[in-house]
Every structure is written in structure tokens, then in C-alpha cells.
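Participant: Right, I'll just put the structure down here and ask away after.
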Amino acid sequence: MITNLARGVQAFTSNAFLVEGDRTVLVDTGANFDAVERVRDRGADLDAVVLTHTHHDHIGNLDAVTEAFGVETWGFDTDHPAVENAIADEETVRLGDHAYTALHTPGHKNDHLCFHTSAASVLFAGDLIFQNGSFGRTDLEEGDRDRLVESIDRVRERTDETLSEMYVGHGPSVTTDPYHDVELAARAARMG
């Protein structure tokens, strides 16, 4: 089961997805709301935090979550103080009941990761791709439009029409033909 703990939060935050199962993981912690309380409200026994990237809106609640649940943080770049354990490109990561492949997808931020499982047909897209073909900003530090386009293309090549759910860093998740949104983002990111 995948639950967006940031749903309904009015403050500036990213989505924070609680993935329950064999290995209960919080994908991004969000910011500016009580993520600890929301995990506890679900009665979840958290095993780890996995980060799509280290922008503040995705890690603002990190210290409170790791302290409250005694868990470690996993992400791409262990040089960042928020990341205790490295996830390499193409590494298999267990989220809930499924094995996901980590895809290093820079362009929005150098340490950006997406997570995809063919078995469950799910993609965690972070801030790379959003609903309706929107895509991550490239005007922030480490932003690079050409690399972003390459990263979107990589995700497009790894997924197909069977993709059933896409969980994004901001806004609503996509559960109706998410591959269409991936294709739209690939086209839109090339324009302008």
C-alpha cells in the first residue's frame, strides 16, 4: 500500500510516500508538516527513508523522522549530510513488497533518483516528471535541461504502456495511463 502522507498539507512541501509491506519505507519526508505523527497515525513500523533527491522540500522532515523511528536514510549522494547510505544507479531497492530499480536521473538535481518496478508496474518519479507532462525545474542550482531530457528519455525507455501508477514529487499521483504523461514530458522538455 502506498499513501501520500503530505496529502492535504497547505504548507510548501513535497509529497511523502509511505510504502507499506515487507520493508516499510518513506520515499521522501516532505517539509513543514508533522510527518512523524502521520506515520504513527498509519500504525506503520518504518524500516528506512529513501530519497529521490535532497532539495529541502523533500528532506525538511528528515531529522524528525529518523530520530523518531531510529531509521537510516538512503539516497544517491553520501557526500550530502542527509544521506547515510548510497543507492547506486541500477541498484535494486526494496520498497514495500516489491523490488525497484533505482535510476539515476539528473537534470533537476544531480543526485536525483527515480524508482521503477515492472512487477507492480509502479514508478516513483520524484521531481523529474509530473502529471500532464510537466517536468522538473532546471533553473535551480544543478539544474540542466539537456540532462533532464536525457533522464526523462531514460525513464521512457524503461517503462511502457503497462505502467499503471506514477507517484510524483508534487501534485497528484497519476493512475490513468501514466506512460502517456511520461511521453508528454519527454516532448515538452525539448521545447523551450
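The values are calculated or read from the model by the stated rules, or taken from the named source; none is laboratory data. None of the values given here were measured: they were computed from a predicted structure. In this analysis, Cβ positions are derived from the backbone assuming ideal geometry, glycine residues included, and neighbour counts consider all displayed protein chains.
Participant: Residues in region 161-173: is at least one assigned to a helix (DSSP H, G or I) and within 29 Å of Ala31 (Cα to Cα)?
Facilitator: Checking region 161-173: not a single residue is assigned to a helix (DSSP H, G or I) and within 29 Å of Ala31 (Cα to Cα).
Participant: Thr24 passes all but one of (1) within 17 Å of the chain's Cα centre (by Cα); (2) free of Cβ contacts under 8 Å to residues at least 40 places away in the same chain; which number fails?
Facilitator: For Thr24, the failing item is (2).
Participant: For region 34-47, which residues satisfy the criterion of being surrounded by fewer than 21 Cβ atoms within 10 Å (Cβ to Cβ) and either within 12 Å of the chain's Cα centre (by Cα) or among the hydrophobic types (A, V, I, L, M, F, W, C) (or both)?
Facilitator: Residues satisfying the conditions are Val36, Ala44.
Participant: Name the one entry in Leu140, Leu113 that is in contact (Cβ under 8 Å) with a residue 12 or more places away in the chain and over 26 Å from Val39 (Cβ atoms).
Facilitator: Exactly one residue qualifies, and that residue is Leu140.
Participant: Given the options Gly60, Gly70, Gly21, name the one that is modelled with pLDDT of 95 or more, touching a Ser or Thr at 6+ places or on another chain (Cβ under 9 Å) and among the small types (Gly, Ala, Ser).
Facilitator: Step by step, each of Gly60, Gly70, Gly21 is checked, and only Gly60 is modelled with pLDDT of 95 or more, touching a Ser or Thr at 6+ places or on another chain (Cβ under 9 Å) and among the small types (Gly, Ala, Ser).
Participant: Return yes when Asp77 is charged (D, E, K, R), modelled with pLDDT of 95 or more and buried (at least 17 other Cβ atoms within 10 Å of the Cβ) and no when it is not.
Facilitator: Yes.
Participant: Take Ala119 and decide whether it is touching a strand residue (DSSP E or B) at 6+ places or on another chain (Cβ under 6 Å), exposed (fewer than 15 other Cβ atoms within 10 Å of the Cβ) and outside any strand (DSSP E or B).
Facilitator: Considered against the rule, which asks whether it is touching a strand residue (DSSP E or B) at 6+ places or on another chain (Cβ under 6 Å), exposed (fewer than 15 other Cβ atoms within 10 Å of the Cβ) and outside any strand (DSSP E or B), Ala119 comes out as yes.
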